1. Of the residues in segment 16-50, how many are assigned to a helix (DSSP H, G or I), free of Cβ contacts under 8 Å to residues at least 24 places away in the same chain and closer than 25 Å to Gly131 by Cα?
2. Going by the conditions given, is Lys58 of a type outside the set (Gly, Ala, Ser), outside any helix (DSSP H, G or I) and farther than 21 Å from Leu16 by Cα?
3. State yes or no: is Lys2 open to solvent by less than 60 Å² (accessible area, probe 1.4 Å) and either among the aliphatic types (A, V, I, L, M) or over 23 Å from Arg125 (Cβ atoms) (or both)?
4. For residues in segment 92-124 being small (Gly, Ala, Ser) and open to solvent by less than 50 Å² (accessible area, probe 1.4 Å), which is farthest from Asn156 (Cα to Cα)?
5. For segment 75-87, which residues satisfy the criterion of being open to solvent by 70 Å² or more (accessible area, probe 1.4 Å) and within 17 Å of Phe139 (Cβ to Cβ)?
6. Checking the condition in a helix (DSSP H, G or I), without any contact (Cβ under 8 Å) to a residue 60 or more places away in the chain and not β-branched (Val, Ile, Thr), which residue from Arg99, Arg75, Arg135, Arg95 passes?
Amino acid sequence: MKIAIIGYSGSGKSSLARKLGEIYGIPAMHLDSVHMVGNWEIRGEDESKYMLKEFMNKPDWIIDGTYKKYYIKERLKQADYILLLDFNRIDCFIRCLKRYQQYRGSTRPDLSEGCNEKMDAEFIRWLLYEGRTKRHKNFFLAVKNKYGSKTIVIKNQCELDLFIKFNEIQKRLNEQHNSNNKLRKKNFSRQRNTQRHFRQGFRRR
């Protein structure tokens with residue numbers, strides 16, 4: 001299974017990628033860590049693209065982040081599911097504020113080591129305005145129009161929590177179903193062996 005997670009900054013893309021990776025046992029790549037190296041320095045584009053291309057060769061993957069210059073068309077085309085986190089700017093701002101309070105002075109799991117959590121004026125401007133221009137909105141609208149059959153739009157934290165809970169339940173149900181199938185096959189095999197032994201014993205008489 002291949003899952004592409006896109007959406008606005010601060011909407012919880014990386015947290016969702018980690019959670020789905022844990023549920024389904026699928027490797028997750030955070031494009032923030034591909035784009036950045038330590039101390040918020042930008043990694044060379046060729047190296048970033050190579051890292052992503054190698055990861056996309058895996059049979060299953062989860063990739064979070066929009067980053068149009070990093071094979072966005074290929075990611076969306078290959079993905080079995082596209083998760084679009086369409087949170088409003090206030091919710092994203094509050095999430096980022098809480099994240100800053102949690103990781104202040106340290107590096108969160110989805111960033112390269114040495115990129116300590118920050119919330120400066122430049123990022124706040126991007127979060128509230130520059131990352132929400134008409135161009136960005138039109139891009140997400142185009143994704144929904146082109147890949148509507150495999151795109152799931154999540155608009156707030158309540159929907160996100162329900163989506164995660166649904167996947168947790170679905171995974172348990174699938175595991176139970178597979179376990180029951182194995183048990184039925186085992187019982188069927190045992191029954192056939194018993195019937196075969198009975199027929200062999202009957203012929204000997």
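The values are calculated or read from the model by the stated rules, or taken from the named source; none is laboratory data. Please read these numbers as outputs of a predicted model, since none were measured by experiment. Neighbour counts are summed over all protein chains in view; Cβ atoms, including those assigned to glycine, are modelled from backbone coordinates with ideal geometry. Remember, those area values only see protein heavy atoms, side chains included, never the ligands or the DNA or RNA. Shrake-Rupley method; radii C 1.70, N 1.55, O 1.52, S 1.80 Å.
1. Residues of segment 16-50 that are assigned to a helix (DSSP H, G or I), as a first pass: 16-24, 31-35, 38-40, 45-50.
Retained after the next criterion (residues that are free of Cβ contacts under 8 Å to residues at least 24 places away in the same chain): 22, 46-50.
Going one step further and asking which of them are closer than 25 Å to Gly131 by Cα, we end up with 46-49.
Here the count works out to 4.
2. Numbers: of a type outside the set (Gly, Ala, Ser): yes; outside any helix (DSSP H, G or I): yes; farther than 21 Å from Leu16 by Cα: no.
So Lys58 fails the test.
3. Values: open to solvent by less than 60 Å² (accessible area, probe 1.4 Å): yes; either among the aliphatic types (A, V, I, L, M) or over 23 Å from Arg125 (Cβ atoms) (or both): yes.
Spelling it out, Lys2 is indeed open to solvent by less than 60 Å² (accessible area, probe 1.4 Å) and either among the aliphatic types (A, V, I, L, M) or over 23 Å from Arg125 (Cβ atoms) (or both).
4. Of segment 92-124, the ones small (Gly, Ala, Ser) are 105-106, 112, 114, 121.
Next, only the ones that are open to solvent by less than 50 Å² (accessible area, probe 1.4 Å) stay: 106, 112, 114.
Numbers: Ser106: 27, Ser112: 27, Gly114: 30 Å.
Step by step, filter segment 92-124, then rank; the result is Gly114.
5. Lys77
6. Numbers: Arg99 fails: without any contact (Cβ under 8 Å) to a residue 60 or more places away in the chain; Arg75 fails: without any contact (Cβ under 8 Å) to a residue 60 or more places away in the chain; Arg95 fails: without any contact (Cβ under 8 Å) to a residue 60 or more places away in the chain.
Step by step, each of Arg99, Arg75, Arg135, Arg95 is checked, and only Arg135 is in a helix (DSSP H, G or I), without any contact (Cβ under 8 Å) to a residue 60 or more places away in the chain and not β-branched (Val, Ile, Thr).
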